[in-house]
Amino acid sequence: MIRDLRSYFAFLEQQGDLDRVTSPVGLLEIPTGMAEQEKKGKAVIFENIKGYEYPVCNNIFGKREFLAGLFQCSREEVAREFKKRSENGIEPVIVESGPVQEVVFTGDEVDIEKFPFVIHCAKDAGRFITAGMVIARDPETGIRNCSINRMQLKGPRKTGLRMSPTQDLEAYYRKAVARNLPLEIAAVVGNHPFDLLAAASGPPRDVDELAIAGGLRQEPVELVRCRTIDLEVPARAELVIEGYINPGELEEEGPFGDFMEFYVPAMKNHVFHINAITMRKKPIIQVIKAGSIDDTTLLSTPREAQLYKVLKDNNVNLNAINMSVGKNYLTCVISIEKQIENEAKNILLAAFGSFKFLKNCIVVDHDVDVFDPADVWWALSTRLRADTGVMVIPNT
């Protein structure tokens, strides 16, 4: 049973899919090592980082087969399994204690800068937390939300925090502003892979992502109460940062090398004030580079499940879906067993209707491997008739 990030690493190591780098490595050298691991298709733990006490891990979603192993299915069946489990959520349970609170820092003891968060790109404004699951509660309804937000380190007890205008977290913040109250949040680093996938799933606003995580795990997520704020966090995570966002407080944040491989410019973003840090005795600090396979697999997998549901509800003979074929989640390839002429047209429209950020969609026959870009291009080269087989939807 995979109960947390550490048991997931034990699983990957048993499969030969984890490398441990024990030789000393500088923090600025880690992005190069991460890129090498991506090419190898292996997760990695850098165990000896110069000037830092704690190890760094990366590429936990670096290969489609990792997800197949997690779900105990084939890679083609991951979307189906995600859909099935996420629709049968299991509510989390509160426990008295957990490894994530083995060590507690509060007040002047807090120093987020002593953890080896990484500068990922040459022109990034600084070090960023990129794999933190941010937990907050709706000030009106009390419903919990989990999301993934970048956070620029700005001092021992302060980070920036970028919210998307469409995120539940932004909606919660606006409600807190209307009440002239700070919004309490907890940023959780070193999560069970299923918890991160749930946080990236974007369900309806009244659905708790930690219940989805329980469905994916097929057991309840154990939570502990935070020490300084009124929130609960996964008990077996590696690190938790507790704090708050003040209403109306914005500071310059960025630039940041984003997933489309250009820099998001510096802009005014929220400020996260840190009350406390709780952690395991030697936490493993997870980092994700925007636009990496690690990142795009995390973001695309829940959306593949979302599209799987739409297509199966319309009785499509679906073989497989891949929304990370272009090293981002903006292009989708779907393989089907065609039942009627022009069926692909309806599938294309359903795909664009199910995911608002989709830019390109390709429908191929069931004998094409959607996980092999060369096979997809072969199908386009040999089977596509552009005069009848290309549909352009304006303003997508």
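Some notes on this structure:
- Segment 354-396, residues that are over 21 Å from E337 (Cβ atoms), of a type in the set (V, I, T) and surrounded by 13 or more Cβ atoms within 10 Å (Cβ to Cβ): none
- Taking segment 349-396 as the range and being of a type in the set (S, T, Y) and more than 30 Å from the chain's Cα centre (by Cα) as the test, the residues that pass are S381, T382, T388.
- Test: residue in segment 188-208 that is in a strand (DSSP E or B) and in the same structural domain as R162 (by TED's automatic domain parsing): yes
- Among the residues of segment 83-100, just one is among the acidic types (D, E) and either over 11 Å from G214 (Cα atoms) or not assigned by TED's automatic domain parsing to the domain that holds H192 (or both), namely E96.
- Meets criteria (under 16 Å from N328 (Cα atoms) and either assigned to a loop (DSSP other than H, G, I, E, B) or not assigned by TED's automatic domain parsing to the domain that holds G202 (or both)) for V392: no
- Some residue of segment 237-244 being assigned to a loop (DSSP other than H, G, I, E, B) and of a type in the set (S, T, Y): no
- Residues that are in contact with a His (Cβ under 9 Å, 6 or more places away or on another chain) and over 16 Å from N246 (Cβ atoms), drawn from segment 179-193: none
- Number of residues in segment 63-107 that are surrounded by 15 or more Cβ atoms within 10 Å (Cβ to Cβ) and of a type in the set (S, T, Y): the value is 1.
- The listed residues are A266, A276, A213, and the only one of them that is of a type in the set (A, V, I, L, M, F, W, C) and crowded, with 22+ Cβ neighbours inside 10 Å turns out to be A213.
- Only one of F117, F11 that is crowded, with 20+ Cβ neighbours inside 10 Å and either on the phi > 0 side of the Ramachandran plot or touching a residue at least 24 places away in the same chain (Cβ under 8 Å) (or both): F117
The values are calculated or read from the model by the stated rules, or taken from the named source; none is laboratory data. Please read all numbers here as calculations on a predicted model, not as lab measurements. Don't worry about glycine lacking a Cβ; one is built from the backbone with ideal geometry, like all the others, and counts go over all protein chains shown.
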